[in-house]
Amino acid sequence: MSGHIVVVLAGAPRGRWREAFEDVVEVGDPISAVAKATARTVFWVSASDLTSVKSLRRARPDLPLVALSLKPDALESMRLFEAGASGYCHALAVPDLLRQVDIVVRNGGLWVGPDLMSRAVAAAARLEVRAGADARMLDGLSPRERDVAEQVVSGASNKEIAQKLGITLRTVKAHMGAIFEKLAVRDRLQLVLILRKAAAARTP
């Protein structure tokens, strides 16, 4: 018997999971999770279990995976996203929030929560993989869009980008929209991650 949601989180409060989703299947290890997975499965894994996150991502790269933390932290979120997580949220999140996360990750988005987003982007800029954006991925952007993208990867906010480049906040937002569309990303966190991963792949 396989479920719509696979929970790999020892001690998670069962009530809120049952309220959020009707088809929760709880397992104790990644092997069991993979064995029970279907094409509609979302993996929910303890953020402290980085090994399981990596194992599940290798085994089922096609399925969304959400990491759950009792003490959400921006740097932890970035390590998990780089390991393959699709989402990162509090382990004690209310059912309504769990359903929101589920919708976002099923539609190809990344969930980190609005309160952590700016800190997560800044944390991404500090992780020691490689700081600069990958030039080949930016080839389709205009010179000004490239400038904006580089500033985002460095961790700058829209307001800081406007000040550094001498343009209006409205213009920054317009460039961001064009960048998201051209690079097929949904938000600035995805933009940072995709450019950093491409850059890291080119590092000798």
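Net charge near G28: determine it from the other residues with C-beta under 13 Å of the C-beta of G28, scoring Lys and Arg +1 and Asp and Glu -1. Residues close to G28 contribute a combined charge of -2.
When each of the peptides 25-32, 146-153, 38-45 is scored by how many other beta carbons lie within 10 Å of its residues on average, the order from highest to lowest is 146-153, 38-45, 25-32. Straight-line reach from K164: taking Cα to Cα under 19 Å and skipping same-chain neighbours fewer than 8 places apart, the lysines in range are K173. Rolling a 1.4 Å probe across all protein chains gives R60 an accessible area of roughly 50 Å². Here segment 48-103 exposes an accessible surface that is 57 percent carbon and sulfur, computed with a 1.4 Å probe and the other protein chains kept in place. Accessible surface for E76 stands near 50 Å², nearest 10, in the context of the full protein assembly shown (1.4 Å probe). Summing Lys and Arg as +1 and Asp and Glu as -1 over all other residues whose Cβ lies under 11 Å from the Cβ of A47 gives a net charge of -1.
The values are calculated or read from the model by the stated rules, or taken from the named source; none is laboratory data. As the structure is a prediction and not an experimental result, all values here were calculated from the model. Every residue, glycine among them, receives a Cβ derived from its backbone with ideal geometry; neighbour counts consider all protein chains shown. These accessible areas exclude ligands, DNA and RNA; they are computed on the full protein's heavy atoms, side chains included. Shrake-Rupley method; radii C 1.70, N 1.55, O 1.52, S 1.80 Å.
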